[in-house]
Every structure is written in C-alpha cells, then in structure tokens.
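K.L.:
One structure follows; several queries about it will come next.
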Amino acid sequence: MLAKYQLCQRRAVRSGKFPTLLELVYAAPFFECLNGDPMQKLSFSLNGEFVELNQLLKLVGICESGGAGKVIVASGDVSVDGQQELRKTAKIRAGQIVRLGDVEIRVLAD
C-alpha cells in the first residue's frame, strides 16, 4: 500500500490534486494491473502485547496519522480475523490478520 500511496503522491504532485485516503484504498482495481497481485500482504512485528487498530494502520503506512486511521475504521471497511471491526482502538495482538480493501496485514510477535 505504501508503494501505491507513493505512486499516487507522485501523480498528485504533477496534477496538483492529492487523492483522499479512501480514494487510495478503493483504487485497488487500477493497481491490480500494475503488480498483478489482487491482495497486497504486509507483515507487522509487534514489540509489545498489543497495538491499537488505528495506530497499526498508521504504522504500516496505510494512513498518515492515527486520526486518519480512526476515520478508516469508522467507515466499516476494516476486518480483523474475518470480522468487521468498528472499534477504532481495538487491541490487535500477534497472530491476528487485519484486512482493508486489497491489503492484508499479518501481525507477528517480535
């Protein structure tokens, strides 16, 4: 997702219009043709017992701040272990899988 965001960012600089976070998340069909893989898989090494969901989205580069992460979670598009998650500060522990659009984040113990 970070690579996708950087690509959008470069195009935005040229065009003068920056995409919103939700535009980036829903641009999956366009990016599918760029890398051929419909699901982008990321890993996150957890240092402590848990990480809050909105902070995880920020730390893996899906959004720029925890506040933006809260907006994404509130939209209802985030799932944890296959279940929709609406709690913005849900505790995500090692072994859990978070999905948002075409992005899958595996949380690993450090």
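K.L.:
Determine whether Pro29 is out of contact with any strand residue (DSSP E or B) (no Cβ under 9 Å at 6 or more places or on another chain), surrounded by fewer than 19 Cβ atoms within 10 Å (Cβ to Cβ) and at pLDDT 60 or above.
P.N.:
no
K.L.:
Do you know which residues across segment 75-106 are within 17 Å of Phe50 (Cβ to Cβ), crowded, with 16+ Cβ neighbours inside 10 Å and not charged (D, E, K, R)?
P.N.:
Once the filter is applied, which keeps residues that are within 17 Å of Phe50 (Cβ to Cβ), crowded, with 16+ Cβ neighbours inside 10 Å and not charged (D, E, K, R), segment 75-106 yields Val78, Val80, Ala90, Ile92, Ala94, Gln96, Val98, Ile105.
Residue by residue, here is whether (1) modelled with pLDDT under 90; (2) on the phi > 0 side of the Ramachandran plot; (3) β-branched (Val, Ile, Thr); (4) in contact with a strand residue (DSSP E or B) (Cβ under 6 Å, 6 or more places away or on another chain) holds:
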| position | (1), (2), (3), (4) |
| --- | --- |
| Leu34 | yes, no, no, no |
| Leu53 | no, no, no, yes |
| Ile97 | no, no, yes, yes |
| Leu108 | no, no, no, yes |
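K.L.:
Please go through segment 38-78 and give me each residue that is free of Cβ contacts under 8 Å to residues at least 40 places away in the same chain, over 10 Å from the mean Cα position of the chain (by Cα) and within 21 Å of Ala109 (Cβ to Cβ), ordered by number.
P.N.:
Across segment 38-78, the qualifying residues are Gly48, Gln55.
K.L.:
Which of (1) out of contact with any strand residue (DSSP E or B) (no Cβ under 9 Å at 6 or more places or on another chain); (2) surrounded by 13 or more Cβ atoms within 10 Å (Cβ to Cβ); (3) in a loop (DSSP other than H, G, I, E, B); (4) not acidic (Asp, Glu) does Lys70 not meet, given it meets every other one?
P.N.:
Here Lys70 meets the rest and fails (3).
K.L.:
Shifting gears a bit: Within segment 79-106, which residues are under 14 Å from the mean Cα position of the chain (by Cα), in a loop (DSSP other than H, G, I, E, B), of a type in the set (D, E, K, R) and within 18 Å of Lys41 (Cβ to Cβ)?
P.N.:
Asp102
The values are calculated or read from the model by the stated rules, or taken from the named source; none is laboratory data. The structure presented is a predicted model; accordingly, all values stated were derived computationally and were not measured. Counting neighbours? That spans all protein chains shown, and the Cβs are built from the backbone with ideal geometry, glycine included.
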